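Peer 1: So that we are looking at the same thing, I have put the structure below in structure tokens.
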Amino acid sequence: MIRRREFMALLGGAAAAWPLAAHAQQPAMPVVGFLDPRSPEALTERLRGFRQGLKETGYVEGDNATILYRWAENRLDRIPELAAELARRRVAVIVASGGPHVALRVKTEVTTIPIVFLSAQDPVMLGLVASLARPGGNLTGVNFFSGELVAKRLELMRVFAPAATRVAVLVNPTGPGTQPTLRDVEPAARALGQQIQVFNASTSREIDAVFATFVRERPDALFVGADSFLDSRRVQLVQLANQHRVPATYSGREYAEVGGLMSYGSDITDAYRQVGAYAGRILNGAKPADLPVVQASKFDFVINAQTARMLGITVPPSLLAIADEVIE
């Protein structure tokens, strides 16, 4: 017969083992790898959109999913190393944020793990997917058309500055969006009776040097190309444009939020929401090859009225009426 003390000791040992057994039976939380060439503070709103998309498909960070963030801090050469690290961690899906150049590097490094990308250019032309309808392989994502909005941005700028005929176009020569931008901007400007002059900058110093030439060149307006490096230097770009009193058009609302005159482009926060939803669908068992590339359908036109006043520009009521947001 087991004495009471021995029975209680036995019972206590079994009870202690129960939580361990229950824990062992719980499935591990799926892990999403999030890789971006910038730093986290540059993506606050975009990350909010991404997490919202995950939530829409049933996943909440820290609750039933884990997100491993990897930031290259504007060093593109680190992308392959960070992608390989995420692959070693056996994440369920990798989000290649920051543009097609990031996705191309991740694709080279990771061949079996699903990858969800964002691209401002045609992902078929870039070789990311076989077709928009049936991507094939291990990649799918969102195409948000920044490159195709060049003509619209020039038209809006023309309303802001109707006398502007000489337009400076600033691009990052090493960025994948440069050639599509230059291909589109010249005929669009010609149709509006404008002449363009292209300036290149791929470092902070080169941006300073470009604006130093504006004292001599005196462009009537500035068109800043869509590019992740230029996005990361948006405070510098906006401050210099305003300092030189050059009306400027930018590709995303983040520029207008830090004092840029106007921005027009795809709703990037919503694009990140769509990326999050695709990552969640993959966690639920969908294959990237069967998920069509999403075409972004929401666009943002943002005016910074305070900057317009500072530049001595009266914003036409016609523009105020169609703006998605006017920053006072």
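Peer 1: Looking at the stretch 68-154, what % of the alpha carbon pairs are farther apart than 17 Å?
Peer 2: Tail of the P(r) past 17 Å holds 47 percent of the pairs.
Peer 1: Something else: By the gyration tensor of its Cα atoms, with a ≥ b ≥ c the square roots of the eigenvalues, what is the shape of the stretch 243-328: rounded for a/c under 1.5, prolate for a/b over b/c, or oblate?
Peer 2: Since a/c reaches 1.5 and a/b is larger than b/c, the shape of the stretch 243-328 is classed as prolate.
Peer 1: Enumerate the calculated ³J(HN,Hα) couplings along the stretch 40-50 in order (Karplus 6.51 cos²θ - 1.76 cosθ + 1.60, θ = phi - 60°), each rounded to whole Hz, writing x wherever the residue is Gly or Pro.
Peer 2: Each residue of the stretch 40-50 in turn: x, 5, 7, 10, 3, 5, 5, 5, 4, x, 4 Hz.
Peer 1: Under 5 Å between amide H atoms, partner at least 5 residues away or on a different chain: which partners does L261 have, H built in plane at 1.01 Å?
Peer 2: For L261, the qualifying residues are A248.
Peer 1: With θ set to phi - 60°, apply the Karplus curve 6.51 cos²θ - 1.76 cosθ + 1.60 along the stretch 29-35 and write out the HN-Hα couplings as whole Hz, x wherever there is a Gly or Pro.
Peer 2: Result, rounded to whole Hz: 5, x, 10, 9, x, 10, 10.
Peer 1: Given H placed 1.01 Å from N in the peptide plane, which residues other than close sequence neighbours of F34 have an amide H under 5 Å from its amide H?
Peer 2: The answer is L68, Y69, R70, V95.
Peer 1: Need one number: convex hull volume per residue for the chain, Cα atoms only, in Å³.
Peer 2: 167
Peer 1: Work out from phi, with θ = phi - 60° and the Karplus expression 6.51 cos²θ - 1.76 cosθ + 1.60, the ³J(HN,Hα) of each residue of the stretch 133-144, listed in order in whole Hz, and give x for Gly and Pro.
Peer 2: 6, 10, x, x, x, 10, 10, 7, x, 10, 9, 10
Peer 1: How big is D, in µm² s⁻¹, for the stretch 26-175 by Stokes-Einstein at 10 °C and 1.306 mPa s if Rh is the Kirkwood radius over C-alpha pairs?
Peer 2: Rounded, D is 93 µm²/s.
Peer 1: Whose amide H sits under 5 Å from the amide H of K298, counting only residues 5 or more places off or on another chain, with H placed in the peptide plane?
Peer 2: Excluding prolines and chain starts, which carry no amide H, the hits are D267.
Peer 1: Would you compute, from DSSP H runs of 4+ residues alone, the mean residue ellipticity of the chain at 222 nm, taking -39500 (n - 2.57) per run and dividing by the full residue count, rounded to the nearest 500?
Peer 2: Mean residue ellipticity at 222 nm (helix-derived): -13000 deg cm²/dmol.
Peer 1: So, one more: Please report the antiparallel percentage of DSSP beta bridges with both residues in the chain, rounded to the nearest 5.
Peer 2: Antiparallel bridges: around 10 percent, rounded to the nearest 5.
Peer 1: Go ahead and set up a Gaussian network model of the chain, Cα springs under 10 Å, then flag whichever of A221, A256, A65 fluctuates most.
Peer 2: Largest GNM mean-square fluctuation: A65.
Peer 1: Any lysines with Cα under 30 Å of the K287 Cα? List them, leaving off those in the same chain fewer than 8 positions away.
Peer 2: The reachable lysines, counting only those whose Cα sits under 30 Å from K287, are K55, K107, K298.
Bear in mind these aren't lab numbers, they're just calculated from the coordinates by the rules spelled out. Just so it is clear, the model here is predicted, and its values are computed rather than measured.
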